[in-house]
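Remarks on the structure that follows.
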Amino acid sequence: MRRTLTLATIFIVSLSARADFPAVADLPSRMELPDPLIMLNGERVKTRDQWTDKRRPELKRLFQHYMYGVPPAPMKIEAKVEREDPKAFDGKATLKEVTISFGPPETPRIHMLLVVPNEKKGPVPAFVGMNFCGNHALVKDPKVRIPTAWMYDRYPGVKDNKATEAGRGTQVDVWALEQSIDRGYAVATFYNGDIDPDRKEAREGIQPHLRKKDEKPGAQDWGTIAAWAWGIQRAVDYLVTDKDIDKDRIAVVGHSRLGKTALLAAALDERIALSIPHQAGCGGTAPSRGTVGESVTKINTSFPHWFCGTFKDFNDKTDRLPFDQNCLVALVAPRPVLFSNAIEDTWANPEGQFQVLQAADPVYRFLDAGGLDAKKMPEPGKLIDSKLGYYIRPGKHSMTKEDWKVFLDFADKHLGKK
Ligand code: GCU
């Protein structure tokens, strides 16, 4: 009897030792960006298999445990094409509105807008990304659905935190859909509030619906950025089944908080062929150990819902993080990544972002995948289009048609024109 009990105890201890990582106070202090090729136990990764089978999964788990939170296991999705207009953009494109549903019936759904160029010889490459103020704001088409979920009130046409007809077409230049169509790309997009409205006061997104029965929220619960990234992955679930789309050429793009999301989605999902986090900054492309712009303490205070509970333990203790954002980029290797920035957007720490790419470069080289082909930051307006790409332009925090030209050039180079 006694023997059985002891065995059982050992089993439980070893199980929890496997599932848990050290408490923040027990992690070593490091001022420099951690080397992605050194495991948590100090061992150096020497072979490609060690990277793929050990370090990569470990890094994913570390990011989920300490920073973004743990998403639910993959689940079945259902996608319904609600409307298809083969003559959108004066006949240049086919516009589809697709509803993607998952989880119990009352779970919020993704309402995706997909535009596909009509002039094509086969399946086309696609950009996927979330928008801040609804699909109707990206087009003039009066039929495109207006979101019903809570919305930021700083955008045109938003009244009492609800989107209205007055917002239609007000973001046409931000997404520049027609330009992407003209260059042979499809674009898939949806409102980030479809997955999780961005408010710290209320949890109205998908998370409570996908929680297991009787499960209480905990310190490793997925935050809003993880939920948004999960939403992008569900959009990819649909896109890989759409015969118009080349499933090997899906690129993710996002601005700012949605850029943090774009990088995380690509880190977690190898179906995403290329990632463009635009002006993403702290919690995405800027170093958490950085001293310029937004700090971890600041982001955790202003946006406590974006990350998991444990990330707050690193406020003023970022030296204890067992990774930095260079390790998130490393998870995307060997796939291309472009960090794109603006000079006046110092809040997003453009110089620090360049250092993040430099510190991810060894993993790309280790995998024979190229890397960052620049020793210093380029002059404004010049794209570094190596596998790890960098771009900075004059101006402010915004996404513009000109930025999209750069995204398209980078995608042309790496996804190629078939
Ligand atoms: C705030 C926030 C940033 C974020 C940005 C945005 O400035 O501090 O972390 O990237 O909003 O999403 O526009």
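The values are calculated or read from the model by the stated rules, or taken from the named source; none is laboratory data. On a predicted model such as this, the values are computed, not experimentally measured, just so you know. Here Cβ is always computed from backbone atoms with ideal geometry, including for glycine, and neighbour counts include all displayed protein chains. Calculation scope for accessible area: heavy atoms of the full protein, side chains included, ligands and nucleic acids excluded. Shrake-Rupley method; radii C 1.70, N 1.55, O 1.52, S 1.80 Å.
A count restricted to the stretch 331-357 and to residues that are within 20 Å of the chain's Cα centre (by Cα) and either within 16 Å of the ligand (Cβ to nearest atom) or part of a helix (DSSP H, G or I) (or both) stands at 17.
Of the residues making up the stretch 208-230, those that are away from the ligand (no atom under 16 Å from the Cβ) and in contact with a Gly (Cβ under 9 Å, 6 or more places away or on another chain) are His209, Leu210, Pro217, Gly218, Ala219, Gln220, Asp221, Trp222. Considering only residues that are buried (at least 23 other Cβ atoms within 10 Å of the Cβ) and away from the ligand (no atom under 16 Å from the Cβ), which ones fall in the stretch 260-271? Those that are buried (at least 23 other Cβ atoms within 10 Å of the Cβ) and away from the ligand (no atom under 16 Å from the Cβ): Ala266, Ala267. Give the residues of the stretch 313-330 that are open to solvent by 30 Å² or more (accessible area, probe 1.4 Å) and either more than 16 Å from the ligand (Cβ to nearest atom) or within 20 Å of the chain's Cα centre (by Cα) (or both), sorted by residue number. Within the stretch 313-330, Asp313, Asp316, Lys317, Asp319, Arg320 meet the criteria. Residue-level analysis places Leu264 among those that are within 16 Å of Ala360 (Cβ to Cβ), modelled with pLDDT of 95 or more and under 12 Å from the mean Cα position of the chain (by Cα).
If you check Lys143 against the conditions, is it modelled with pLDDT of 95 or more, under 28 Å from Glu78 (Cα atoms), open to solvent by less than 40 Å² (accessible area, probe 1.4 Å) and basic (Lys, Arg)? No. Evaluated against (1) more than 19 Å from the chain's Cα centre (by Cα); (2) surrounded by 16 or more Cβ atoms within 10 Å (Cβ to Cβ), Tyr191 falls short on exactly one condition, (1).
For the stretch 292-312, filtered to residues that are among the hydrophobic types (A, V, I, L, M, F, W, C) and open to solvent by 30 Å² or more (accessible area, probe 1.4 Å), the residue that is farthest from the ligand (Cβ to nearest atom) is Val292. Being of a type in the set (A, V, I, L, M), within 16 Å of the ligand (Cβ to nearest atom), in contact with a helix residue (DSSP H, G or I) (Cβ under 7 Å, 6 or more places away or on another chain) and at pLDDT 95 or above is true of Met399. Among the residues of the stretch 336-359, are any open to solvent by 50 Å² or more (accessible area, probe 1.4 Å) and touching an Asp or Glu at 6+ places or on another chain (Cβ under 8 Å)? Yes, some residue in the stretch 336-359 is open to solvent by 50 Å² or more (accessible area, probe 1.4 Å) and touching an Asp or Glu at 6+ places or on another chain (Cβ under 8 Å).
Restricting attention to the stretch 367-412, report how many residues are in a helix (DSSP H, G or I) and either touching a residue at least 40 places away in the same chain (Cβ under 8 Å) or open to solvent by less than 10 Å² (accessible area, probe 1.4 Å) (or both).
Selection size over the stretch 367-412: 10.
Please go through the stretch 110-150 and give me each residue that is under 23 Å from the mean Cα position of the chain (by Cα) and not hydrophobic (A, V, I, L, M, F, W, C), ordered by number. Across the stretch 110-150, the qualifying residues are His111, Pro125, Gly129, Asn131, Gly134, Asn135, His136, Pro147.
Residue check: is Val70 more than 21 Å from the chain's Cα centre (by Cα) and either under 24 Å from Ile225 (Cβ atoms) or surrounded by 12 or more Cβ atoms within 10 Å (Cβ to Cβ) (or both)? Spelling it out, it is not the case that Val70 is more than 21 Å from the chain's Cα centre (by Cα) and either under 24 Å from Ile225 (Cβ atoms) or surrounded by 12 or more Cβ atoms within 10 Å (Cβ to Cβ) (or both). Meeting the requirement of 2 or more residues that are out of contact with any Gly (no Cβ under 6 Å at 6 or more places or on another chain) and modelled with pLDDT of 95 or more, the helices (runs of 4 or more DSSP H) wholly within the stretch 1-102 are 56-63, 88-91. Annotation note: Cβ proximity below 8 Å between a residue of the stretch 38-55 that is under 17 Å from Cys327 (Cβ atoms) and a residue that is charged (D, E, K, R) and surrounded by 10 or more Cβ atoms within 10 Å (Cβ to Cβ) (sequence gap 6+ or interchain) occurs for Ile38/Arg44; Met39/Lys54; Met39/Arg55; Met39/Glu58; Leu40/Glu58; Val45/Lys54; Val45/Arg55. Taken together, Arg249, Arg289, Arg257 contain a single residue that is within 15 Å of Glu32 (Cα to Cα) and open to solvent by 10 Å² or more (accessible area, probe 1.4 Å), which is Arg289.
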